[in-house]
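**Student:** Quick one: the structure is below, questions incoming.
The values are calculated or read from the model by the stated rules, or taken from the named source; none is laboratory data. Predicted model only: the values in this text are computed from it and were never measured. Here the Cβ positions follow ideal geometry from the backbone for every residue, glycine too, while neighbour counts run over all protein chains shown.
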Amino acid sequence: MEDIARHRYTDGKPNLRRFHQAKWDEPIIFELSCEGQRGILVPEFEGETQTEADAEDVLATLPDEMRRKEPPKLPELSQPQVLRHYVRLSQENLGADLNVEIGQGTCTMKYSPKINDQLATHPDVVDLHPLQQEETVQGILEIMYRFEQILKEISGMDRFSLQPAAGSAAIYTNASIIRAYHESRGEAGQRDEMITTIYSHPSNAACAQTAGFKVITLYPDEDGYPDLDALKAAVSERTAGLMITNPEDTGIFNPEIDDFVQVVHDAGGLCAYDQANANGVLGITRARDAGFDLCHFNLHKTFSSPHGCGGPGAGACGVREDLAKFLPVPLVAFDGEAYHLDYDRPHSIGKMVPFYGYPPVVLRAYAWAMSLGAEGLREVAEIAVLNNNYLLNKMLKIPGLSAPYAEGKRRVEQVRYSWEELVEETDVRSEELGIRAADFGIHYWTSHHPFIVPEPCTLEPTETPSKDDLDEYVAVISHVAQEARTNPEVVRTAPHNSTVHKIDHDPLDDPSRWAMTWRAYRRKVGQERD
Amino acid sequence: MTLTGEDYRKTAMSDKGITYPYIPNSVPRVKEEMLEEIGAESVEDLYEDMPERLRLKGSMNLPQPLLSEYELRRHVEGILAKNESAPEYLNFLGAGCYQHHVPAVCDEINQRGEFLTAYAGEPYDDHGRFQALFEYASMMGELLNMDVVNVPTYDGFQAVATSLRMTCRLTGRREVLIAETIGADLLSKIRDYCKPTITITLVGHDPDTGQLDLDDLESKISDQTAAVFFQNPSYLGLIEVRGQEISQITHDHGAVCVVEADPMSLGVLTPPADYGADIVCGDIQPLGMHMQFGGGQAGYIATRDEEAYVMEYPSRLFGIAPTSVPGEYGFGDVAYERTSFAIREEGKEWVGTAAALWGITAGVYLALMGPQGMVEIGEGLMSRSRYAMLEMDKIGGVKAPVLRSPHFREFVVDFGSTGKTVAEINEALMIRKIFGGKDLTEERPELGECALFCVSEVHTREDIDQLTTALKEIVD
């Protein structure tokens, strides 16, 4: 009897996966509409007739111009048709549950434990109204309080708000706290400059700008390290603060980070640590120990809550004691017997969100941290760094790929690579290589703009892939790079095994042709209804 | 609970050699192989570039881990058991978060791992995510009678705050006029978010009806006004009936009319675009999201398809586009160059992870409800609130509604003549397993002992009767 498995290996190594992404060729949901179908029925308001509350009489209380004349032109589908449509669409995604999710550097795409999803959808979480009396929500408040204590220990900070709705919202919140701090000292008008680095996430610059600061962006020295001399030249009596990542998005750790903090402190500014890249430093080094005044974590990155196609996630802002008075209201307090929402904070910057952020995300993060403890969190960091350096070592054996800066040094949890050499040789771009990788069930993203590292890609393996996963990833990228030399056309015309083929992006930047809704599209192609 | 004592132990680097289920390479043999391959003696070598002075000495002082999945579940569920969920009570709280029935299909779809764990793939990786969000925007567009709808932002508060900043960039002006019936929390958010660039002026209302005071609006609007903003229904539950006049006054002064609309109302209420709103925004939590202690919020912003407006969105906008294969739908980012992803601080505000999964879920909800479902639920909410107001108003000393206007699903109830405070009444209701309305006494002291009650389609006539019976007992 023939061994099927024998055809799956060459020289003892697994062959590349013969992948094809799900392709349902699914119509737009409006095309599935059939007049009169119902997907769900609404409970009627039954009981003995109460004329004044009957629908027609109630609507009659509205002035004519406030009463909708025609029902909204939503599609009409039965329930199985809706379900099938969306299940099909769900299959046409490469979520972290499906692919070896290494290629979305800076985003810490680790495994999101299923038990935590189950806990987060528990009726005692999802069916809580945020304004219920405190005695009926002691459990969720306790989770929030306990998780704050964990974050305090991880960061060395004194107080946390779990309210910001995501990482960038947390960066904005920190910028707003810095503004409030300078206002409280009568220096708001004077201190209007925020310093960041080009390899800190774009939101550090964008959120500071939104909060009213002028942004000064520092560029790295030749070795890729943030430039201390550049910082010294940038600070002044106008400096409000520094918002910086470490390790930066290159995966390089700035060993002088405490000197950076000192320079800004000496100039009268505050320092906020963007800890989106914390995965490699948990239990290794802490924000407060480097002197930072504020920090934030992304609970959907480092703390494993799933990314949900782009949220909901959660941001957690930590500050030192004397800045705690500025944190958003409410904070969760514990009086030794019960948990409370503390609104009595007159210096607070106020409300950032309608209620308290995304408590189910906080719950997942708490459960994840509790499944690991101090030792496990350190193991997360160490294996994330081991995986990254293992990947780096293998990736650098691919001809045409380099890891600019800090040559010979270890990287922390991610690396920003460059295909410059391969592009010069083949004229196949990094973006095209990434799209071709999709044909093998692997996702890869270039990098945030601007591309200071030419033809970049940023890979962050996290602690959750296996060694075999890492090997498979490298094998695919290596194969695609080789194709760029031997068969560039197959790369340029990719994808071939994806849900769709090459997209024409031009209409998306052309106001006369772009369409963000089906109705706009139908109008622009001359198929206006009615 | 305290976080010291038995709850903790010092977790020095253990030699227990735990293999963590989420960390495959924590197996010692694998670790060794990998270290050898990269020429490192130990993992510690990989941190050699981190100076000793920055290193944490010893280990973190954290609670003992719950290593098995069972222990973890038992621990977390033990804490959660201290909660009492809204369905165990009769819940009449709203104020921005609403207890509607969540169709099973909504949960089925948003709990699928393919959606739950996707993130930022290219349209070639995540075609389904792009199509689902395009369809969400398309269905919202029908509900709102608008051509452009964003990929959701964090929540309704962010949607309003961003809409107001958009108007200032559009007009080059720096003042917005806001109907003073707005909730205190939203106003707090707007004040923080608009602080660097915008002056906020509140416009009065008629104390009897809660309707915007048009004379006050006329007296305050000027050629410095970027926007006039009001909510419909308002925070206090009433339907603003003079939208057309407000937008006319706004446009006469070259300003932008911004309306926050409850999407649940739009099966029966005229969409704000039809009475002149230029930007419509709000929260989609009612459309298929559980309350989640406030974690179900997500914001929408909608405009006409005009380049000037489109270019002021900070959010991602997904558009439809052809592919190299005829008949194949492709998707991608529209006008990506306006975003902070593309041009950092030169972009419009910022963009990042927000609330996409709730957008997909709201799309599922609208597809299930269809036109008839949205009409029926709107009618049902108005019938229930009308019935609840009539019945509550019959109780001695109770006045409902306080404001003489049509209401949608929320309404202000005055307990001032009962001799009891709202806090006392809500406490007594809680004992009877009822969550009463949101206490407005601190936020709206001018109203006296008032609370904001909310009904939804989960309430039967008997449920509302149970509320009024309980109130009668309490105030008698």
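**Student:** Any idea how many residues of region B:279-293 are facing chain A (nearest Cβ under 7 Å) and out of contact with any Gly (no Cβ under 7 Å at 6 or more places or on another chain)?
**Tutor:** 3
**Student:** If you don't mind, there's one more thing I want to ask. Taking region B:294-313 on its own, how many of its residues are more than 7 Å from every other protein chain (Cβ to nearest Cβ), assigned to a loop (DSSP other than H, G, I, E, B) and touching a helix residue (DSSP H, G or I) at 6+ places or on another chain (Cβ under 6 Å)?
**Tutor:** Adding up the residues that qualify gives 3.
**Student:** Counting only residues that are more than 30 Å from B:V76 (Cβ to Cβ) and among the aliphatic types (A, V, I, L, M), give me the helices (runs of 4 or more DSSP H) lying completely in region A:44-153 with at least 1 of them.
**Tutor:** Details: elements: A:55-59, A:79-91, A:114-120, A:123-126.
It comes to A:55-59, A:79-91.
**Student:** Would you check if there is a residue in region B:254-265 being in contact with a Phe, Trp or Tyr (Cβ under 9 Å, 6 or more places away or on another chain), assigned to a loop (DSSP other than H, G, I, E, B) and not basic (K, R)?
**Tutor:** yes
**Student:** Moving on to the next point. I'd like to check something: does region B:261-272 contain any residue that is within 30 Å of A:L128 (Cα to Cα), out of contact with any His (no Cβ under 8 Å at 6 or more places or on another chain) and acidic (D, E)?
**Tutor:** Checked against the condition, which is being within 30 Å of A:L128 (Cα to Cα), out of contact with any His (no Cβ under 8 Å at 6 or more places or on another chain) and acidic (D, E), region B:261-272 yields at least one hit.
**Student:** Restricting to region A:157-178, give me the number of residues that are surrounded by fewer than 24 Cβ atoms within 10 Å (Cβ to Cβ) and either outside any strand (DSSP E or B) or β-branched (V, I, T) (or both). Talk me through it step by step, then tell me what you get.
**Tutor:** Within region A:157-178, the first condition is being surrounded by fewer than 24 Cβ atoms within 10 Å (Cβ to Cβ), and the residues that meet it are A:158-159.
Restricting the remaining residues to those that are either outside any strand (DSSP E or B) or β-branched (V, I, T) (or both) gives A:158.
Residues flagged as surrounded by fewer than 24 Cβ atoms within 10 Å (Cβ to Cβ) and either outside any strand (DSSP E or B) or β-branched (V, I, T) (or both) within region A:157-178 amount to 1.
**Student:** Pull out all pairs, ordered by first then second residue, where Cβ-Cβ is under 8 Å, the residues are six or more apart or on different chains, the first lies in region A:456-477 and is within 18 Å of A:H300 (Cβ to Cβ) and in the same structural domain as A:A437 (by TED's automatic domain parsing), and the second is in a strand (DSSP E or B) and of a type outside the set (V, I, T).
**Tutor:** A:T458/A:R416; A:T458/A:Y417
**Student:** Within region A:387-439, take every residue that is aliphatic (A, V, I, L, M) and in a loop (DSSP other than H, G, I, E, B) and give me the one that is farthest from A:T458 (Cα to Cα).
**Tutor:** Let us first name the residues in region A:387-439 that are aliphatic (A, V, I, L, M), namely A:391-392, A:395-396, A:398, A:401, A:403, A:406, A:412, A:415, A:422-423, A:428, A:433, A:435, A:437-438.
When the remaining residues are screened for being in a loop (DSSP other than H, G, I, E, B), the result is A:396, A:398, A:401, A:403, A:406, A:412, A:428.
On the way: A:L396: 13, A:I398: 15, A:L401: 12, A:A403: 10, A:A406: 16, A:V412: 13, A:V428: 17 Å.
Across region A:387-439, the extreme among qualifying residues is A:V428.
**Student:** Does A:T493 count as loosely packed, with under 14 Cβ neighbours inside 10 Å and more than 29 Å from the chain's Cα centre (by Cα)?
**Tutor:** Values: loosely packed, with under 14 Cβ neighbours inside 10 Å: no; more than 29 Å from the chain's Cα centre (by Cα): yes.
Considered against the rule, which asks whether it is loosely packed, with under 14 Cβ neighbours inside 10 Å and more than 29 Å from the chain's Cα centre (by Cα), A:T493 comes out as no.
**Student:** Say whether the condition of being part of a helix (DSSP H, G or I), in the same structural domain as A:P359 (by TED's automatic domain parsing), at pLDDT 95 or above and surrounded by fewer than 24 Cβ atoms within 10 Å (Cβ to Cβ) is met by at least one residue in region A:272-284.
**Tutor:** Scanning region A:272-284, I find no residue that is part of a helix (DSSP H, G or I), in the same structural domain as A:P359 (by TED's automatic domain parsing), at pLDDT 95 or above and surrounded by fewer than 24 Cβ atoms within 10 Å (Cβ to Cβ), so the answer is no.
**Student:** Quick one: would you say A:S478 is among the polar types (S, T, N, Q) and surrounded by 21 or more Cβ atoms within 10 Å (Cβ to Cβ)? First the steps, then the outcome.
**Tutor:** Working: among the polar types (S, T, N, Q): yes; surrounded by 21 or more Cβ atoms within 10 Å (Cβ to Cβ): no.
Against the criterion (among the polar types (S, T, N, Q) and surrounded by 21 or more Cβ atoms within 10 Å (Cβ to Cβ)), A:S478 does not qualify.
**Student:** On to the next question. Within the bounds of region B:144-152, is there any residue that is under 25 Å from A:C309 (Cβ atoms), at pLDDT 95 or above, more than 7 Å from chain A (Cβ to nearest Cβ) and assigned to a helix (DSSP H, G or I)?
**Tutor:** yes
**Student:** Specify the residue that is nearest to B:V241 (Cα to Cα); the eligible residues are those in region A:58-84 that are facing chain B (nearest Cβ under 8 Å) and among the polar types (S, T, N, Q). Lay out the reasoning, then the answer.
**Tutor:** We begin by selecting, within region A:58-84, every residue facing chain B (nearest Cβ under 8 Å); these are A:58-59, A:61-63, A:65-69, A:71-77, A:79, A:82-83.
Right, trim to among the polar types (S, T, N, Q) and you get A:61, A:79.
On the way: A:T61: 11, A:Q79: 36 Å.
Going through the qualifying residues, I end up with A:T61.
**Student:** Residue check: is A:E463 within 30 Å of the chain's Cα centre (by Cα), outside any helix (DSSP H, G or I) and more than 25 Å from B:D333 (Cβ to Cβ)? Show your work before the answer.
**Tutor:** Values: within 30 Å of the chain's Cα centre (by Cα): yes; outside any helix (DSSP H, G or I): yes; more than 25 Å from B:D333 (Cβ to Cβ): yes.
It is true that A:E463 is within 30 Å of the chain's Cα centre (by Cα), outside any helix (DSSP H, G or I) and more than 25 Å from B:D333 (Cβ to Cβ).
**Student:** Do we have any residue at all in region A:94-114 that's of a type in the set (S, T, N, Q), touching a residue at least 12 places away in the same chain (Cβ under 8 Å), closer than 30 Å to A:S466 by Cα and in contact with a Gly (Cβ under 6 Å, 6 or more places away or on another chain)? Walk me through it before giving the result.
**Tutor:** So in region A:94-114, the residues of a type in the set (S, T, N, Q) come out as A:99, A:104, A:106, A:108, A:112.
Within this subset, residues satisfying the condition of being touching a residue at least 12 places away in the same chain (Cβ under 8 Å) are A:99, A:104, A:106, A:108, A:112.
Now drop any that are not closer than 30 Å to A:S466 by Cα, which leaves A:99, A:104, A:106, A:108, A:112.
With the extra rule that they be in contact with a Gly (Cβ under 6 Å, 6 or more places away or on another chain), the set shrinks to A:99.
Yes, the conditions are met somewhere in region A:94-114.
**Student:** Cβ-Cβ below 6 Å, separation at least six or inter-chain, first residue in region B:113-137 and over 19 Å from B:N150 (Cα atoms) and in the same structural domain as B:F331 (by TED's automatic domain parsing), second of a type in the set (D, E, K, R) and surrounded by fewer than 24 Cβ atoms within 10 Å (Cβ to Cβ): which pairs?
**Tutor:** As it stands, the answer is B:G113/A:D97; B:T117/A:D97, since those pairs meet every condition given.
**Student:** Among all residue pairs at least 6 apart or on different chains, which show Cβ distances below 6 Å where the first residue, located in region A:61-79, is assigned by TED's automatic domain parsing to the domain that holds A:G39 and buried (at least 16 other Cβ atoms within 10 Å of the Cβ) and the second is part of a helix (DSSP H, G or I) and of a type in the set (V, I, T)?
**Tutor:** Going by the 6 Å Cβ cut-off, the qualifying pairs are A:P71/B:V375; A:P75/A:I29.
**Student:** What do you reckon, is B:V160 closer than 20 Å to A:V329 by Cβ and either outside the structural domain of B:L357 (by TED's automatic domain parsing) or not in a loop (DSSP other than H, G, I, E, B) (or both)? Steps first, answer last, please.
**Tutor:** Working: closer than 20 Å to A:V329 by Cβ: yes; either outside the structural domain of B:L357 (by TED's automatic domain parsing) or not in a loop (DSSP other than H, G, I, E, B) (or both): yes.
So B:V160 passes the test.
**Student:** Right, next: Could you check region A:229-255 and list, in sequence order, the residues that are within 24 Å of B:E48 (Cβ to Cβ) and crowded, with 17+ Cβ neighbours inside 10 Å?
**Tutor:** So in region A:229-255, the residues within 24 Å of B:E48 (Cβ to Cβ) come out as A:244-255.
If the condition is that a residue be within 24 Å of B:E48 (Cβ to Cβ) and crowded, with 17+ Cβ neighbours inside 10 Å, then A:I244, A:T245, A:N246, A:P247, A:E248, A:D249, A:T250, A:G251, A:I252, A:F253, A:N254 are the ones that fit.
Every residue, every condition in (1) more than 7 Å from chain A (Cβ to nearest Cβ); (2) surrounded by fewer than 24 Cβ atoms within 10 Å (Cβ to Cβ); (3) among the hydroxyl-bearing types (S, T, Y), yes or no:
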residue: B:E328; (1), (2), (3): no, yes, no
residue: B:V334; (1), (2), (3): no, no, no
residue: B:E345; (1), (2), (3): no, yes, no
residue: B:T353; (1), (2), (3): no, no, yes
residue: B:A362; (1), (2), (3): yes, no, no
residue: B:V375; (1), (2), (3): no, yes, no
residue: B:E379; (1), (2), (3): no, yes, no
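**Student:** Next question. Where residues in region A:316-370 are of a type in the set (G, A, S) and more than 19 Å from the chain's Cα centre (by Cα), which of them is farthest from B:G294 (Cα to Cα)? Lay out the reasoning, then the answer.
**Tutor:** Here is the first cut: in region A:316-370, the ones of a type in the set (G, A, S) are A:316, A:318, A:324, A:333, A:336, A:338, A:348, A:350, A:357, A:365, A:367, A:369.
Narrowing the set further to residues that are more than 19 Å from the chain's Cα centre (by Cα) leaves A:324, A:333, A:336, A:338, A:348, A:350, A:367.
Details: A:A324: 23, A:A333: 18, A:G336: 25, A:A338: 20, A:S348: 20, A:G350: 17, A:A367: 19 Å.
Among those residues, the one meeting the criterion is A:G336.
**Student:** Provide a single number: the residues in region A:213-264 that are within 12 Å of another protein chain (Cβ to nearest Cβ), among the hydroxyl-bearing types (S, T, Y) and outside any loop (DSSP other than H, G, I, E, B).
**Tutor:** 1
**Student:** Answer yes or no: is there a residue in region B:344-357 that is within 30 Å of B:S163 (Cβ to Cβ), in the same structural domain as B:D439 (by TED's automatic domain parsing) and within 22 Å of the chain's Cα centre (by Cα).
**Tutor:** Filtering region B:344-357 down to residues within 30 Å of B:S163 (Cβ to Cβ) leaves B:344-357.
Then drop every residue that is not in the same structural domain as B:D439 (by TED's automatic domain parsing), which leaves none.
No.
**Student:** Out of the residues in region B:54-66 that are facing chain A (nearest Cβ under 7 Å) and more than 16 Å from A:R146 (Cα to Cα), which is modelled with the lowest pLDDT? Talk me through it step by step, then tell me what you get.
**Tutor:** Step one: list which residues in region B:54-66 are facing chain A (nearest Cβ under 7 Å), which gives B:54-56, B:59-66.
After this cut, where a residue has to be more than 16 Å from A:R146 (Cα to Cα) as well, the list is B:54-56, B:59.
Details: B:L54: 97, B:R55: 97, B:L56: 96, B:S59: 93.
Looking at residues that are facing chain A (nearest Cβ under 7 Å) and more than 16 Å from A:R146 (Cα to Cα), I get B:S59.
**Student:** Select from region A:365-418 the residues that are at positive phi and surrounded by fewer than 24 Cβ atoms within 10 Å (Cβ to Cβ) and write down the one among them that is modelled with the lowest pLDDT. Give the steps one after another, and end with the answer.
**Tutor:** If we filter region A:365-418 for residues that are at positive phi, which is where we start, we get A:373, A:400, A:405-406, A:408.
Retained after the next criterion (residues that are surrounded by fewer than 24 Cβ atoms within 10 Å (Cβ to Cβ)): A:400, A:405-406, A:408.
Working: A:G400: 98, A:Y405: 95, A:A406: 92, A:G408: 88.
Per the criteria, the residue is A:G408.
**Student:** Still on this model: Would you say A:G156 is at pLDDT below 95 and in the same structural domain as A:P328 (by TED's automatic domain parsing)?
**Tutor:** Working: at pLDDT below 95: no; in the same structural domain as A:P328 (by TED's automatic domain parsing): yes.
The answer is no for A:G156.
**Student:** Which of the residues belonging to region B:226-276 are among the acidic types (D, E) and either free of Cβ contacts under 8 Å to residues at least 24 places away in the same chain or away from chain A (no Cβ under 11 Å) (or both)? Before you say what the answer is, go through the steps one by one.
**Tutor:** Of the residues in region B:226-276, the ones among the acidic types (D, E) are B:240, B:245, B:252, B:260, B:262, B:274.
Correct list: B:D252, B:E260, B:D262.
**Student:** Considering (1) part of a strand (DSSP E or B); (2) within 21 Å of the chain's Cα centre (by Cα); (3) of a type in the set (A, V, I, L, M), say which one A:M194 fails and leave the rest.
**Tutor:** (2)
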